[in-house]
1. Ordered by packing density, taken as the mean number of other Cβ atoms within 10 Å over each peptide's residues, highest first, how do 249-260, 64-75 rank?
2. Want the number for E150 to E66: 0.36 nm per residue separation, take away the alpha-carbon distance, what's left?
3. So if each residue of separation counts as 0.36 nm, and I subtract the Cα-Cα distance between D168 and A76, what length gain in nm does that give?
4. Would you kindly state how much longer the chain becomes between D120 and K256 on full extension, computed as 0.36 nm times their sequence separation minus their alpha carbon distance, in nm to one decimal?
5. Aspartates and glutamates near K126 by alpha-carbon distance under 14 Å, same-chain residues fewer than 8 away left out - which ones?
6. Distance between the C-alpha centers of segment 62-107 and segment 218-278? Whole Å please.
7. 5 Å is the cut-off here: which amide hydrogens, built 1.01 Å from N in the peptide plane, fall below it relative to Y272, excluding neighbours closer than 5 in sequence?
8. Quick one: compute the contact order of segment 69-212, relative version, from alpha carbon pairs under 8 angstrom and 6+ residues apart, as a percent.
Amino acid sequence: MEGATRAPVINRPAHNRLVPGSSPGGPTKFFAMVNDNGEKILRDQVLLLVKMQEVDLRRSQQQVEERSLPEKLQIAEQALQKKKEEFSKLQAKSAEKDRGRREQELELKVQEEQVVKLRDRLIKLKTNEEYKANLKEIENAKVRKGELEESLLISMEEGDLLKKEISDRALSIQEAEQQFQVEKGKIEEALSTLSVTARSLESEWISLSEMVDQNILDDYKKLLIQRKGLAVVPLHGNTCGGCNFSLPPQLIALVKTCEKILTCTYCHRILYTPVKTG
Ligand SMILES: [Zn+2]
């Protein structure tokens, strides 16, 4: 990479494990920005990067939220859909029960007519055997009629229970539908707020980036991806605020002078001394 199209503004630690004899004692060569007010400008540049990093962090948090919201809506919609499907199944079951009940009613009617017919036939019969056989038939027809009446009663009770369940569920679906619409409205509102905030963060990012040297900006963007959103870190005493490793004293001293943009020997993040407030 080094010495390709341009010299990197951000120093790479001189210690390179691939180069025999390379010292882990700390970076020994830097790309210095040549400027009369070099120190001040570099300090500002790093602080601009810190601000950009905050904006980038907020942007990535926003993106996570932006992705999660439609998923939330989809889950709520699927739950409602499932309830509706169960309700349809219940309605179909009830319709089937009604059909069965009507068939039983018809069958019962036929059986009742059969009993009447057999009774009417009694007076026309000549022999005692025929009479006895007819009485037996009447008896059987009555038993069958009784059985039909009983199962019809059970069917009617079951049908009533199903209808009660359907009316209860219809109410609960109505409530779930209303809840879903409220939830949907909230999510849509949150998404629109997010998109407004995203636009304002975007313009904040752009105006910050316009103040940063292009090479520094390019290195920052690369580092931000490589270091998962943390490219610029403060010194915490003698340790790196990114990886928490102790840094060589000469590197700490150099970071404090703000003469160059320096990176951690271990995680390669850009180092800066925290701003003292007050
Ligand atoms: Zn580090």
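1. Per-residue mean Cβ counts within 10 Å order the peptides as 249-260, 64-75.
2. Details: separation 84, 0.36 × 84 = 30.24 nm, distance 6.10 nm.
Gain on stretching E150 to E66: 24.1 nm.
3. 31.0 nm
4. Going from the current span to full extension adds 37.0 nm.
5. none
6. If you average the Cα positions of each part, the centres end up 57 Å apart.
7. V233, L235
8. Values: 53 pairs, mean separation 59.1, N = 144.
Result for segment 69-212 is 41 percent.
All of the numbers you see were taken from the coordinates with simple rules; none came from a lab. Nothing here was measured: the structure is a model prediction, and the numbers come from that model. Methodologically, a virtual Cβ is constructed for each residue, glycine included, from the backbone with ideal geometry; neighbour enumeration extends over all protein chains shown.
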